[in-house]
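I have placed the structure first, in the form of structure tokens, so that the comments after it can refer back to it.
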Amino acid sequence: MAVGIHDPDCYVGVILGTGTNACYLEDLKAVKKHKGESNGHTHVIINTEWGAFGDDGSLEKWRTSFDRELHLNTKNTTKKFFEKMISGMYLGEMVRLVLKKLQDDGLFLVGNASDKLRPQVFESSYLSDIETGDGTDLSACKAIFQKLGIDGATDGDCRIVRRVCEAISTRAARLAAMGIVTILRKIGKLDKCTVAIDGTLYEKHPHFRERMISTMEELAPGNTVQLKKSEDGSGRGAATVAAVACRLYNQHKN
């Protein structure tokens, strides 16, 4: 809504932050569950709740042992499968699980008996810190090791951490892009369409946006979709909805 009031080509809205979700503008005729009056309206906004995609087991083929371990240690162990592969709430813990496995296998922090890689200790913001730059500057990773109280980490250990962070954040970006392309294909809007995106993961991660764009090009070559940052989506969006609702109410009353 916040982007749509200025851009008439905005048909999709996505949140990529602590959690994730998407909504889109759908032709009312395509909404089979709608049984009421249209009152002259031709379209409706659909809240996909795409974080719950996979709750029926449809993602099982692509989930890893790390996904399963993370999932079993969350409060909602039967829900939000897709969200746990994408959103900022879970990416840091996913990195930690991979690093812990590498440490247990003797491939990371070799000779270091550190027990500091405890659950939830690796914050998702660390991925952005570590992936900033071209990978030659390891100071951010070393600062995080120091913050975690891990001594004796080598440059090789830092490069491993960066590679794990890249793999997990890239997967998240690609999955988000796949979801967007799927929605755009459904509504036939792979040309001249704007996708409004809000959320700290999209905003703060140095490579998330470019990885999404490259994936969308891979899935839909030649598409002209624009990803546009939604500024204060919650505040402006809510105000827009309230204004529209008020206008419609007054029209109906009169």
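The values are calculated or read from the model by the stated rules, or taken from the named source; none is laboratory data. In this text, all values refer to a predicted model and were calculated from it rather than measured experimentally. Neighbour counts are summed over all protein chains in view; Cβ atoms, including those assigned to glycine, are modelled from backbone coordinates with ideal geometry. All accessible areas refer to the heavy atoms of the entire protein, side chains included, with ligands and DNA or RNA removed. Shrake-Rupley method; radii C 1.70, N 1.55, O 1.52, S 1.80 Å.
Scanning the chain for DSSP H helices at least 27 Å long along the axis (C-alpha atoms) with a Kyte-Doolittle mean no lower than 0.0 picks out 155-187.
Per residue, the chain reaches -14500 deg cm²/dmol at 222 nm when only DSSP H runs of four or more residues are counted, each adding -39500 (n - 2.57).
Around the Cα centre of the chain, unit charges on the Cβ atoms of Lys, Arg, Asp and Glu (plus for the first two, minus for the last two) sum to a dipole of about 760 debye. Note on residue 84: accessible area is roughly 10 Å² with a 1.4 Å probe, heavy atoms of protein only. Here the accessible area of segment 1-108 is 56 percent carbon and sulfur, with a 1.4 angstrom probe and all protein chains present. Within the straight-line cut-off of under 27 Å between alpha carbons, the lysines reachable from residue 61 are 75, 79, 80, 84, 100, 101, 186, sequence neighbours fewer than 8 places apart in one chain being disregarded.
Charge tally for residue 152 (other residues, Cβ to Cβ under 14 Å; Lys, Arg +1; Asp, Glu -1): -2.
Here's the picture: charge each Lys and Arg Cβ at +1 and each Asp and Glu Cβ at -1 in the chain, and of 136, 31, 50 the one pushed furthest to the positive end of that dipole is 31.
Short-range pairs are left out: with C-alpha atoms under 8 Å and at least six residues apart, the relative contact order of segment 125-234 is 29 percent. Across the chain, the convex hull enclosing all Cα atoms gives 152 Å³ per residue. Other residues within the sphere of radius under 13 Å centred on the Cβ of residue 59, judged by their own Cβ, net out at +2 (K and R +1, D and E -1). Once the C-beta distance of residue 191 and residue 120 is scaled by a Förster radius of 41 Å, the resulting FRET efficiency is 0.40 to the nearest 0.05. Note: relative contact order over the chain, using C-alpha pairs below 8 Å and six or more positions apart, is 25 percent.
Packing, taken as the mean count of other beta carbons within 10 Å per residue, orders the peptides 159-165, 135-141, 71-77 from highest to lowest as 159-165, 135-141, 71-77.
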